[in-house]
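Have a look at the structure below, then the notes.
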Amino acid sequence: MNDEKNNVINPTNGADLGFEVVGNDAISSEKIIAPRYSYWKSVFRVFFKKKMNIVLIALFVVLVLSAVFIPLICPYEPQENVTNATAYNLSPAKAMEQFGHSFKWMLGTGPQGNSIMYNIFAGARTSLLLAVVCAAINMTIGIVLGAVWGFSKKLDAILIPIYNIVANVPFILVVAVLIYVLGSGFWNMVIAMTITGWLGVAYFFRTQVMIIRDREYSLASKCLGTPIRRIVSKNILPFLTSVIVTLLATEVPSYISLETYMSFIGIGLSAEVPSLGRMISAAQTAFLTYPWEFWPPVIYAAMLTIILYLLGQNLADATDPKTHM
């Protein structure tokens, strides 16, 4: 029994077990040796830990770069073969037989002899640009206003009645009416999608801010005289990073889908502006007879929305500090 006690209290035995005697130094005993924590480094570590995200990013980069640069290098000309009736609605095999084997005719021709391949990239460029502009406007206004809205009772009294009225009107109905009033066009479409779109985002963030504004660290900052603007920017918004990413993950694909739908029913962009929705709308009557005119833009639009949604959801998970353990 005495030998066991001697082994326990003997400092030399601790070295064999991987322990080190600190001694009676109070400062040394309080030191914690741990790697320095970096939030964004942990976010990217968790995000890229999933190999599927790398594949999705590669596909998304290919789709975006092709939509941005191919129309610049190879401009889309919808009327280039309009006087040649033999070029109308050609399958990929017949189009390459008539015009030669090239990238331009790999998907055949449309109802006016236009290149479907070039039309897809030109339309995707318009749809992506529209979605990014609308999401940037709505998210910027919504986040800033929603953060202030969650603290300001005066602003709350003004915006709550407005939100209750606007929220009870279907958003797609608002967009359709505004397009009829303003007319078709890219910037008219942007105005129609953003004139009330930011209100829903602002209300969502107002609710999130109200949930965390009364936590201890925010109350302590307020008691110390910290301005509301600084409390919002330093205490509230960083905590909502994962929420912002999650909402952004749904905003961009939703605007691509909305533009596609509005153009599909004929009240979207003007006829001279190529878009994925207009391609699908023009090919709906040829769904069975000329399937090469319908399915390529559908697949391209579906790939864009699905990839953006999956990447956004995975990035939102990675921005949650709970996943950094």
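Within segment 100-139, the set of residues being among the small types (Gly, Ala, Ser) and part of a loop (DSSP other than H, G, I, E, B) comprises Gly100, Ser102, Gly108, Gly110, Gly113.
Residues that are more than 17 Å from Thr250 (Cβ to Cβ), assigned to a helix (DSSP H, G or I) and under 21 Å from the mean Cα position of the chain (by Cα) within segment 176-208 comprise Phe186, Trp187, Met189, Val190, Ile191, Ala192, Arg206, listed in sequence order.
Beta carbons closer than 8 Å, at least 6 apart along the sequence or on distinct chains, pair a first residue in segment 68-97 that is in contact (Cβ under 8 Å) with a residue 12 or more places away in the chain with a second that is of a type in the set (Lys, Arg) and surrounded by 15 or more Cβ atoms within 10 Å (Cβ to Cβ) for Val68/Arg125; Pro71/Arg125; Cys74/Lys104. The sole residue among Ala136, Ala176 that is touching a residue at least 40 places away in the same chain (Cβ under 8 Å) and within 30 Å of Gly277 (Cβ to Cβ) is Ala176. Of all residues in segment 163-173, those satisfying the criterion of being in a helix (DSSP H, G or I) and over 12 Å from Met262 (Cβ atoms) are Tyr163, Asn164, Ile165, Val166, Ala167.
Under the condition of being buried (at least 21 other Cβ atoms within 10 Å of the Cβ), among the aliphatic types (A, V, I, L, M) and closer than 30 Å to Met189 by Cα, the residues counted in segment 90-138 number 10.
Taken over segment 42-99, the residue count meeting the criterion of being of a type in the set (Asp, Glu) and outside any loop (DSSP other than H, G, I, E, B) is 1.
If you check Pro291, Pro296 for being over 19 Å from Phe44 (Cα atoms) and buried (at least 19 other Cβ atoms within 10 Å of the Cβ), only one passes: Pro296. Considering segment 240-279, the residues that are at pLDDT 80 or above and among the small types (Gly, Ala, Ser) include one that is surrounded by the most Cβ atoms within 10 Å (Cβ to Cβ), namely Ser275.
The values are calculated or read from the model by the stated rules, or taken from the named source; none is laboratory data. Here the structure is a predicted model, which means the values were calculated and not measured. All Cβ positions, glycine included, derive from the backbone under ideal geometry; neighbour counts span all protein chains shown.
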